[in-house]
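**Q** One structure follows; several queries about it will come next.
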């Protein structure tokens with residue numbers, strides 16, 4: 001598996017920029033991202049198990065954009081990796097990245113609690 005830098009879970013400055021530095025909005029957006037991405041993980045797992053490369057790429061692409069927009073750097077990188085590996089039908093690598101993605105979502109969930117006003 002290709003090494004992916006997961007050292008930056010959340011670019012808080014990007015999240016501040018997107019929310020105009022509104023702490024309530026920051027927490028709300030991050031919580032929504034965590035909820036949505038958590039749901040996508042299950043769908044991605046199903047697509048990987050079914051070896052459905054097209055569906056896997058579509059789901060990863062959708063979530064990658066959402067994560068990148070709010071500064072969830074590591075999650076976006078992992079989703080890009082899943083998207084790329086799915087296109088090459090490398091489902092074992094997709095599965096490994098999905099495990100790392102679930103860990104990143106948990107870290108994002110923890111970050112959301114530190115943003116509480």
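**Q** Once you put a point 7 Å from the Cα of residue 95 and another 7 Å from the Cα of residue 42, both along the Cβ direction, what distance in nm separates them?
**A** 2.1 nm
**Q** So, one more: Rounded to the nearest 500, what is the 222 nm mean residue ellipticity of the chain from helices alone, with -39500 (n - 2.57) per DSSP H run of 4+ residues and division by all residues? Show your work: numbers first, answer last.
**A** Values: 5 runs with 92 residues, N = 117.
One gets -26500 deg cm²/dmol as the mean residue ellipticity at 222 nm.
**Q** Relative contact order of the range 22-114: what whole-number percent is it, with Cα pairs under 8 angstrom and at least 6 residues apart?
**A** About 34 percent, as a whole number.
**Q** May I ask for the angle, rounded to the nearest 10°, between helix 91-114 and the longest principal axis of the chain, with both axes built from Cα atoms and the value confined to 0 to 90°?
**A** 10 degrees
**Q** Looking at the range 22-114, I'd like the Rg to Rh ratio, where Rg is from alpha-carbon atoms and Rh is Kirkwood's inverse mean 1/r. Display every interim value, and only then the final one.
**A** Details: Rg = 12.9 Å, Rh = 12.9 Å.
Looking at the range 22-114, the ratio lands at 0.99.
**Q** Now for a separate question. Tell me, how many Å apart are the Cα centres for the range 7-35 and for the range 86-117?
**A** Here the two parts' Cα centres lie 16 Å apart.
**Q** Let me ask something else. Against the longest principal axis of the chain, how steep is helix 23-49, in degrees 0 to 90 to the nearest 10, with axes from Cα atoms?
**A** With both axes taken from Cα atoms, the answer is about 10 degrees.
**Q** Another question, if that's okay. Give the angle, between 0 and 90 degrees and rounded to the nearest 10, that separates the Cα long axis of helix 73-87 from the longest principal axis of the Cα atoms of the chain.
**A** With both axes taken from Cα atoms, the answer is about 20 degrees.
No value in this document is a laboratory result; all are computed from the given coordinates. No experiment lies behind these values; they were computed from the predicted model shown. Every residue, glycine as well, gets a Cβ built from its backbone with ideal geometry; the counts of neighbours run over all protein chains shown.
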